[in-house]
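The values are calculated or read from the model by the stated rules, or taken from the named source; none is laboratory data. Treat the numbers as computed from the prediction; the structure is a model and nothing was measured. Positions of Cβ are generated from backbone atoms using ideal geometry, with glycine treated the same way; all protein chains shown enter the neighbour counts.
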Amino acid sequence: MSSIAFRELRINDQIRVLSVRLFDDANDEALGIVPLAEAQQLAQQRGLDLVEVAPQAQPPVCRLMDYGRFKFDALKREKEARREHNANRLKEMKLRPKISEHDFQTKYGYVRHFLEEGDKVKLTIMFRGRELVHQEIGRALLERLAEAVKDVAQIERNPLVEGKNMIMILNPIAKRQPRGGAGNHAQDPQPQGDAEAVPSLGNR
């Protein structure tokens, strides 16, 4: 039963064929090709549902199962799969090496917010022209951010230059916390007021 991908299936009196290839999920028994009426009667006798799982087959394949339980388990697996998928989200924050202090503080607020929500964050320093010669500026920015969020994140990937960008990845220490109700559909809130300012490096 666990191998059947969930979808709404025809069951019991909804099935309209002459005969079916029948399986019993309770004991994994193959009952062969039987008339539809006999399959429906057998389902009633065993207190199960007759479920059409492969309508395109000749004859269609049906299973004897507790359809309500099957549907519940399938939806639960889908929900867990979605939760696992969301837990692996990767946010990206781009910065310029000559970023202003105000912009840096704003982006820091977003980065902290993402990490506290359980998201990984990819930090990208974008160099232009001769800026690439001064990679130490970008590295200092990344190290400054990593230090500022070390209470909620750890470095998964150290700063590495890829083309004209320098990239570092931060991994949240805490697991993603489930959001409730309408919050699942809302955009990320403005976090500037939620985080303390990061001490300045002295030059921008």
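Observations on the model:
- Qualifying residue in segment 139-150 (condition: among the basic types (K, R), assigned to a loop (DSSP other than H, G, I, E, B) and outside the structural domain of L50 (by TED's automatic domain parsing)): yes
- Filtered residue count, segment 96-134, keeping only those that are in contact (Cβ under 8 Å) with a residue 60 or more places away in the chain and closer than 12 Å to A148 by Cβ: 5
- Matching residues, segment 99-125, being part of a helix (DSSP H, G or I), among the β-branched types (V, I, T) and surrounded by fewer than 21 Cβ atoms within 10 Å (Cβ to Cβ): T106
- Test: residue in segment 166-176 that is out of contact with any strand residue (DSSP E or B) (no Cβ under 6 Å at 6 or more places or on another chain) and under 11 Å from K120 (Cβ atoms): yes
- Some residue of segment 181-204 being at pLDDT 90 or above, farther than 15 Å from R89 by Cβ and basic (K, R): no
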